[in-house]
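S.K.: Please find one structure pasted underneath; my questions will follow.
The values are calculated or read from the model by the stated rules, or taken from the named source; none is laboratory data. All values reported here derive from a predicted model rather than from experimental measurement. Here the Cβ positions follow ideal geometry from the backbone for every residue, glycine too, while neighbour counts run over all protein chains shown. Accessible surface is based on the protein model in full, side chains and every heavy atom, while ligands, DNA and RNA are left aside. Shrake-Rupley method; radii C 1.70, N 1.55, O 1.52, S 1.80 Å.
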Amino acid sequence: MENGRIVPMERRHLDELAQLEKICFSHPWSRDGLEEELGRPGSLFLVAEAPNGQVMGYVGCQYVLDEGYITNVAVFPQYRRQGAAKALLETLEQEGRRLGLSFLSLEVRESNASAQNLYEKSGYRQEGRRKNFYTDPREDGLILTKRFKQEKVR
């Protein structure tokens with residue numbers, strides 16, 4: 001992701017993120033739903049911005065104790081294959097480690113080979129399957145998880 005940056009989600013991003021949700025998902029989060037995540041304890045949403053400030057994409061994560069669950073990873077079509085999703089995942093991992101998470105986990109459509117490839121290259125491994133997890137169309141969701149090695153405290 002050349003010359004872009006990753007920033008925490010802010011109110012100024014919400015309109016673009018709500019539009020991105022409609023483009024990417026059959027059951028998109030609403031603007032209000034995204035707004036509810038602002039400042040919510042246990043919620044971490046990051047946005048990739050282009051040099052001109054335009055939203056390239058975002059990643060959302062909800063966490064409890066040491067468990068992190070990625071809600072969505074989405075990138076506008078014109079910014080795909082430019083490293084935005086990879087940069088978002090790397091930054092989320094850094095923040096997750098800082099928060100003391102032991103893993104990050106997500107579901108991905110069984111047919112979404114490009115996303116699976118990205119996650120595999122980022123160190124995620126399949127740990128399960130949710131039958132008929134997705135609708136429109138109905139499809140299994142693969143559970144992918146990246147576990148963090150625990151640092152030994154001296």
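S.K.: Can you compute the modelled spin-label distance between Thr135 and Val7, with each label point 7 Å from Cα toward Cβ, in nm?
M.R.: The modelled label-to-label distance comes out at 3.7 nm.
S.K.: Next up: Please list, in chain and number order, the residues 5+ apart from Gly4 or on another chain whose amide H is under 5 Å from its amide H, with Hs placed from the backbone.
M.R.: none
S.K.: A further question follows. Of the heavy-atom accessible surface of the chain (probe 1.4 angstrom), what whole percent is carbon and sulfur?
M.R.: Details: 4170 of 9110 Å².
For the chain, the apolar C and S fraction of the accessible surface comes to 46 percent.
S.K.: Which value does Rg/Rh take for the chain over its C-alpha atoms, Rh per Kirkwood? Please report the intermediate quantities before stating the final value.
M.R.: Working: Rg = 15.2 Å, Rh = 16.0 Å.
Looking at the chain, the ratio lands at 0.95.
S.K.: Quick check for you: with a 1.4 Å probe and neighbouring chains kept, what is the accessible area per residue of the range 19-71, in Å²?
M.R.: 49
S.K.: Could I have the simple spin-label model distance between Ile23 and Glu90, label points 7 Å from Cα toward Cβ, reported in nm to one decimal?
M.R.: That separation, rounded to one decimal, is 2.3 nm.
S.K.: While we're here: Give me the compactness ratio for the range 19-95, meaning the Cα radius of gyration over 2.2 N^0.38 Å. All intermediate terms of the calculation are to be shown ahead of the outcome.
M.R.: Working: Rg = 12.4 Å, N = 77, 2.2 N^0.38 = 11.5 Å.
Computed over Cα atoms of the range 19-95, the ratio equals 1.08.
S.K.: In nm, what is the difference between 0.36 nm times the number of residues separating Asp66 and Glu127 and their Cα-Cα distance? Don't jump to the answer; show the numbers that get you there.
M.R.: Values: separation 61, 0.36 × 61 = 21.96 nm, distance 1.76 nm.
Taking Asp66 through Glu127 to full extension adds about 20.2 nm, to one decimal.
S.K.: Give me, ordered by chain and number, the residues 5 or more places off Met9 or on other chains with an amide H under 5 Å from its own placed amide H.
M.R.: Amide H to amide H, under 5 Å and 5 or more residues apart or across chains, Met9 pairs with Phe45, Leu46, Val47.
S.K.: If you rank Ile143, Ile23 by how much accessible surface each has, with a 1.4 Å probe, what is the order from largest down?
M.R.: Accessible-area ranking of Ile143, Ile23, largest first: Ile23, Ile143.
S.K.: Sticking with this one: Evaluate the charge dipole of the chain about its Cα centre and quote only its size in Debye, nearest 20, assuming +1 on the Cβ of each Lys and Arg and -1 on the Cβ of each Asp and Glu.
M.R.: About 560 debye.
S.K.: Take the cross-link list Lys86/Lys146; Lys86/Lys131; Lys121/Lys149; Lys22/Lys121 and give me the ones stretching past 25 Å between alpha-carbons.
M.R.: Lys86/Lys131; Lys22/Lys121
S.K.: While we're on this one: Determine, from the Cβ-Cβ distance of Arg40 and Phe103 and an R0 of 22 Å, the FRET efficiency 1/(1 + (r/R0)^6), rounded to the nearest 0.05. Can you show the working numbers first?
M.R.: Values: r = 21 Å, r/R0 = 0.93.
The formula returns an efficiency of 0.60 here.
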